[in-house]
Structure formats: structure tokens, C-alpha cells
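Some notes on the structure that comes next.
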Amino acid sequence: MPAAAKTTTPMPSFLLARQPILDRNLRLFGYELLYRVGDGEPFDADQATSRVLLEGVLHAGRDALVHHGMIFVNLTRNLLLQPELLPRGDGRVVLEVLEDVEVDDRLLEALQELKRRGYRIALDDFVWEEERLELLEVADLVKVELRAGPLPLEEVVRRLSARRLMLLAEKVETFSELEECKALGFQLFQGYFLERPRVVTGGRQPASRLSVMRLLAALQDPEADVEKQVAVIRQDINLSYRLLRYINSAQFAFNREIRSLHEAAVILGRRNLRNWAMLLALASIEGKPDVLITSALIRARTVEGVVTLLGGDRAEAEMGFLAGLFSLLDAFLDRPMEKLLEELPVDRAIAVALLHGEGSIGAALEMVRIHERAAWEEVDTCELDPGEVSRLYLEAAAWADAIQKEIA
């Protein structure tokens with residue numbers, strides 16, 4: 001990078017994560033970017049730093065975290081009151097007005113100007129209070145937390161729906177809550193429900209999930225050599241085809257075509273062949289949204305990198321990848337993790353990491369989960385520099401989005 005012509009305000013370091021926002025069909029609508037600036041400094045400590053951070057977050061988010069869909073980002077009142085300091089929007093960026101921002105004529109005028117400059121406006125954690133109702137005149141979208149506010153949720157939704165505003169349900173933690181929110185009329189949904197198993201009644205699992213379980217068990221067999229793994233994969237014609245197609249994609253960039261699973265096994269190695277086969281098998285499960293496999297990819301890749309930074313060798317890093325992938329296995333197969341691990345011959349280091357957070361892999365997995373949740377108050381207690389974890393996460397997000405395009 002060429003040297004700057006003059007001294008400028010240095011870009012503050014920031015930690016960055018994202019949380020998906022889904023529509024009623026569980027398709028990706030966009031991401032909220034969650035961040036912290038500097039070494040624990042509050043975001044609005046200084047206006048100049050805030051401006052640089054905003055530009056950095058938006059540019060980083062656009063380049064590495066949100067290739068398509070909407071970008072949601074929180075702003076302080078200080079920045080909202082100075083629209084001229086922000087880069088012009090392109091219709092993809094939604095600025096969130098926090099619940100504690102003071103409402104007055106200056107703010108309302110600034111929000112109108114931001115809309116003219118190409119931004120959309122969302123009200124975060126909205127509560128039906130008289131002093132905040134004027135914000136509804138400039139809002140495009142309202143985020144409602146399920147467990148907050150003096151009015152019943154049904155009444156809040158009824159009043160907001162009458163104003164023809166797009167409604168987003170926040171902190172949706174279970175699939176039953178998701179269905180309740182759909183019935184009330186919410187169009188968008190945000191929360192950790194996607195990472196939890198859906199309750200399956202009747203005791204019978206769909207055939208596609210049973211076949212995936214059998215495949216995972218066979219691939220996890222510690223006695224299985226490369227030849228046996230290849231034989232297991234060959235039994236699923238669709239999986240064999242998808243695996244070869246993916247291995248020959250731009251993600252691997254081999255200088256020749258890989259024509260057989262045996263050849264792929266020789267090049268990738270036993271563990272890598274197994275991991276990619278299991279990944280594609282999980283991606284084939286019916287009824288699961290694409291964003292779930294993307295989340296699993298990000299976690300797997302980030303855990304793999306963290307294990308390496310903690311001093312793990314290649315074999316341990318590959319186990320870290322598998323632990324990250326399997327950490328969402330209950331969400332893919334809609335069964336408790338304890339039951340799944342009883343039926344799968346998973347390496348003990350991975351099992352104790354998933355169930356109890358123990359060992360170096362468990363520590364790495366917990367670091368990544370803390371970062372994903374943007375639990376910034378906990379991130380400084382981690383063994384690694386939080387900035388390193390954030391870097392790995394950003395790289396993993398870009399990689400996962402590219403992988404998702406190849407395997408879709």
C-alpha cells in the first residue's frame with residue numbers, strides 16, 4: 001500500500017460480527033453488523049473516531065460480510081444529526097435508531113435528510129411510547145423485541161401494521177416463537193432460533209435426515225480407511241456428483257480436472273475428504289435454509305483458525321473444523337446434541353468440546369461463539385487477541401459466502 005500523502009486520523013481497530021435477518025420463508029434478507037471499536041472504548045467516545053469507524057464498518061461489511069442483501073447498522077444520535085458526514089447510501093444500508101436516542105425536531109429533520117441521501121431508517125427495540133411516535137413518520141422498518149414494552153405484543157403489531165410499516169421481530173429464540181410471530185404478521189425475523197433444533201412430533205425423522213445420519217456415522221468410523229470412505233460416499237450418487245463438482249470448482253483451483261473420488265481422496269487427504277463430504281451431506285438436508293450451512297461454514301473455518309493460533313497442529317486444526325461444523329448438528333437434524341453424539345463415533349476430543357466446552361478445541365469453539373454473539377464484554381477474557389479472532393471471522397465469512405455459491 002502506498003504511503004499517505006499527509007497525516008490522517010488513524011483508523012481505530014474494531015471487532016466485527018454479523019447476525020442474519022430472515023424473511024417469512026427463511027430466506028436471507030440481510031445482516032445486522034455488530035461491532036466494537038478499539039480496546040473496549042465506547043463507540044461514541046469521539047465524533048471523529050465514530051465517523052472513521054462507520055466508514056470502516058460499512059466498507060468492511062460490504063466487502064467481506066454482506067455480498068448481497070441489506071446491511072443494518074446502529075448509529076449514535078451524534079452521527080444521525082450530521083448526515084453530511086456519512087457517505088451517500090445506495091438503498092442497501094439500513095440505519096438503526098436506538099431506543100435511547102432523544103427524539104426532537106433536529107433528529108427528525110436529520111432522518112429525513114438521510115432518507116434523501118439513500119439510506120433506510122429502522123427503529124431498534126421500539127416500544128409504543130408517546131414521545132417516540134413521531135419517529136414512525138420517518139421509519140421504513142420497526143424492530144420489536146418480543147419481551148419488552150408495556151403493551152401486549154399483539155396490540156403493538158396491530159398499531160404498527162395500520163401504518164403499513166415493515167415489522168421485524170427481534171430476539172426470536174425458538175421455532176415456536178417464530179411461528180407465533182408469523183401468525184401476528186411480522187415479515188422479518190432475527191434471533192438465535194435457527195441454531196436450535198426444531199421440535200419434531202411423532203418420533204419419526206424424515207428419510208433425508210436418517211440417510212445423512214447413516215452417512216455421518218459411516219464417515220466417522222475410526223476404522224474406516226480412505227478406500228472405505230470412498231466406498232461410503234459412492235453409495236450416494238448425488239453426493240458423489242456434488243463432491244466432485246465442488247472439488248473441481250474455483251475454490252480449489254487445481255491445475256487439472258479431478259475425475260474420481262479416489263483421486264480426490266489422494267489429493268485432499270482422509271480427513272479433508274470426510275469433512276467436505278459431511279458438509280455437502282448436511283447442505284442437502286431438506287427444509288433447512290441456506291444461511292444455516294453458511295453459519296456452520298463460518299464457525300468451522302474460524303474454529304480451525306483459532307485452534308492453529310492456539311498452537312494446534314494440522315490434525316488438531318482439522319478436528320477444530322469438524323467440531324465447528326458439528327456444533328450446529330442438532331439444528332440440522334432437529335435432535336438433541338447428546339443423543340446425536342451417542343449415535344455417532346465422534347472423536348472424544350470433539351465430543352467433550354461440543355458437550356462441555358473442554359479441551360483446546362472446546363476453548364476455541366467458545367471463543368468463536370462469544371465473537372458470533374458480539375458478547376464484547378466477554379471477549380477480552382479470551383486467551384487470544386480479540387482482533388485476531390475477528391480477522392479470522394471476517395476471512396471465514398467471505399470464504400463461506402463463496403463456498404455457498406459453489407455448493408448451492
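None of the figures in this text is laboratory data; all of them are computed from the coordinates on show. Computed from a predicted structure; not experimentally measured. Here the Cβ positions follow ideal geometry from the backbone for every residue, glycine too, while neighbour counts run over all protein chains shown.
Under a model in which nothing but the beta-carbon of Lys, Arg (+1) and Asp, Glu (-1) is charged, the chain shows a dipole of about 1900 debye around its Cα centre. For Leu75, the residues whose modelled amide H falls within less than 5 Å of its own, excluding neighbours fewer than 5 places apart on the same chain, are Glu96, Leu98.
Within the same chain, lysines fewer than 8 places from Lys288 are excluded, and of the rest, those with a Cα less than 18 Å from its Cα are Lys182, Lys405. Out of (1) 84, 22, 18; (2) 40, 26, 19; (3) 37, 23, 20, which label holds the value of semi-axes √(5λ) of the Cα gyration tensor in Å that was computed here? Here semi-axes √(5λ) of the Cα gyration tensor in Å agrees with entry (2).
Using the Kirkwood formula over every pair of different C-alpha atoms, what hydrodynamic radius in Å results for the stretch 207-407? Before the final figure, lay out the partial values.
Numbers: mean 1/r = 0.0580 Å⁻¹.
Taking the inverse mean of 1/r over all distinct Cα pairs, the stretch 207-407 comes out at 17.2 Å.
When the chain is treated as a Gaussian network with alpha carbon springs shorter than 10 Å, the biggest mean-square fluctuation among Leu167, Leu384, Leu273 belongs to Leu384. Which of rounded, prolate, oblate describes the stretch 209-299, given a ≥ b ≥ c as roots of the alpha-carbon gyration tensor eigenvalues and a/c under 1.5 marking rounded, otherwise prolate only if a/b is larger than b/c? Judged from the Cα gyration tensor, the stretch 209-299 comes out oblate (a/c at least 1.5, b/c at or above a/b).
DSSP assigns beta bridges within the chain; of those with both partners inside it, close to 35 percent run antiparallel.
Put simply, the amide H of Arg18, placed in the peptide plane, has neighbours under 5 Å in Leu34, leaving out anything fewer than 5 places away on its chain. Residue by residue, the stretch 335-345 carries 3J(HN,Hα) couplings of 9, x, 4, 4, 5, 4, 6, 5, 9, 10, x Hz when phi is fed to the Karplus relation 6.51 cos²θ - 1.76 cosθ + 1.60 (θ = phi - 60°); x denotes Gly or Pro.
Placing unit charges on each Cβ (+1 for Lys and Arg, -1 for Asp and Glu) gives the chain a dipole about its Cα centre, and among Leu178, Asn74, Ser390 the Cα reaching farthest toward its positive end belongs to Leu178.
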